[in-house]
Structure formats: structure tokens, C-alpha cells
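The values are calculated or read from the model by the stated rules, or taken from the named source; none is laboratory data. As the structure is a computational prediction, the values presented were derived from the model and not from experiment. A quick note on method: Cβ atoms are made from the backbone with ideal geometry, for glycine too, and the neighbour counts reach across all protein chains shown. Each accessible area value is taken on the protein alone, full model and side chains, heavy atoms only, with ligands, DNA and RNA left out. Shrake-Rupley method; radii C 1.70, N 1.55, O 1.52, S 1.80 Å.
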Amino acid sequence: MENATKALILAGEILIGVLLLTLMVFMFRAMGDFSNAVDENIETKNRLEFNANFEKYRNKADITAQDIVSMGNLAKRYNEKMQNEELEILVVGVSSKYQKMHILKDEQTYDFIREYSTVNKTLNSQQISEIRHFQCIEMTYHKENGKVNRIVLKKLE
């Protein structure tokens, strides 16, 4: 009788051990799924924040030269940080030396602002300066990560 009692106790301990091991495996898998979901949420948040820097210009027709320089500077920093990706900021209707804002040096950006921030017009035989505007005509996204990878802007007359 004593051996039967010991056998039942041993069987109970084994059963409890198997249950605990099953519970641990289940918890490990659940934590892995949770961790993957958190990683995906962080990646989505980062992508949305990055794109928000540029999507505010989508289809706008009142973009200034200073806005374009800001976009170019963001693109330069991003391109330096991300070696295998490139964000292009292209400007149509300007001198060829200013068409690729994402590679311009600081001196060139100052020249761009000086040349394209205002336009002189004659109104009632009086010379006035108006702010020159640009329009975002194209915005494309990277196929794999969903981030903006190309913006084309056009000088308005």
C-alpha cells in the first residue's frame, strides 16, 4: 500500500511538472507575440512620424523656398543615417544646380533662397516683391518600408 501511495505522489508531481512546463511554453510564446506586436507598432509609429514631415506638403501650392530647403535638409540627414535608402527632393522649373535639394551644400541653399524666395512684379508702374510659391506635384513611397522616398516640387509662375 505504501508503494501505491508513493507512486500516486510521484505521478502527481510529474503531472504538475508537465503542466508547469506547458504553461511556461505558452507564456514564452505569448510574450514573443506581444514583443513582435510592440515592434510592429513602434515601426509603424516611426514611419508615420517620418512621413508626416513631408505629407503636409502633398498637393499644396503655397510651398516656399524656405520650406523646400527644410525638406532638403531633412532628406540629407536621413540619407546620411540610412546608408541603403535615399530620399530625393527634386525641384522642377529652377536652375539645374538647384534641382536636387537633397544633395545641396549649405551655401547653395542660401543662394536658392535668395534667388527663389521672392519674385518682383510691376503693379500700377510700381515694383513690388511677392513671395514665390512652389507646388508638390509628386510624392512616392518606398515599397518595403512605406516611407516617403521621392518628392517632386514645381515652381509656380
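A cut-off of 5 Å between modelled amide H atoms, ignoring neighbours fewer than 5 places along the same chain, links L153 with L90, V91, V92, I137. Helix 106-116 axis versus longest C-alpha principal axis of the chain: approximately 50°, rounded to the nearest ten. Taken along its principal axes, the alpha carbon cloud of segment 73-157 reaches lengths of 55, 26, 18 Å, longest axis first.
Modelled this way, with points 7 Å down the Cα-to-C-beta line, the labels at R114 and E85 are 3.5 nm from one another.
Averaged over its residues, segment 1-66 has an accessible area of 84 Å² per residue, based on protein heavy atoms and a 1.4 Å probe. Applying the criteria of a DSSP loop state and at most 15 other Cβ atoms within 10 Å to the GluC sites (Glu not before Pro) of segment 1-94 yields E85, E86.
Heavy-atom surface analysis with a 1.4 Å probe gives the chain a carbon and sulfur content of 56 percent of its accessible area. Peptides 130-136, 140-146 ranked from most to least packed by the mean count of surrounding Cβ atoms within 10 Å: 130-136, 140-146. Remark: spin-label model distance V38-K121 equals 5.6 nm, labels positioned 7 Å along the Cα→Cβ axis. Here the spin labels are modelled as points 7 Å beyond Cα on the Cα-Cβ line, and at T140 and R58 they lie 1.7 nm apart. Specify which residue in the list M101, L48, L156 is farthest towards the positive end of the charge dipole of the chain, using unit charges on the beta carbon of Lys, Arg (+1) and Asp, Glu (-1), about the Cα centre. It is L156. What percentage of all Cα-Cα pairs in the chain are separated by more than 19 Å? In whole percent, the long-distance tail amounts to 67. How many percent of DSSP beta bridges within the chain run antiparallel, rounded to 5? In the chain, DSSP labels about 75 percent of beta bridges as antiparallel. Angle of helix 65-81 to the longest C-alpha principal axis of the chain, folded into 0 to 90 degrees and rounded to 10: 40°. For the residues R114, R58, R47, a 1.4 Å probe over the protein chains yields an accessible-area ranking, largest first, of R114, R58, R47. The ratio of the alpha-carbon radius of gyration of segment 1-43 to the globular-protein estimate 2.2 N^0.38 Å is 2.03.
The dipole here belongs to segment 93-157: it is taken about the Cα centre, uses +1 on the Cβ of Lys and Arg and -1 on the Cβ of Asp and Glu, and is about 180 debye. Choose one of Q127, I68, A30: the residue whose Cα lies farthest towards the positive end of the charge dipole of the chain (beta-carbon charges +1 Lys, Arg; -1 Asp, Glu; about the Cα centre). Looking along the dipole axis, the top candidate is Q127.
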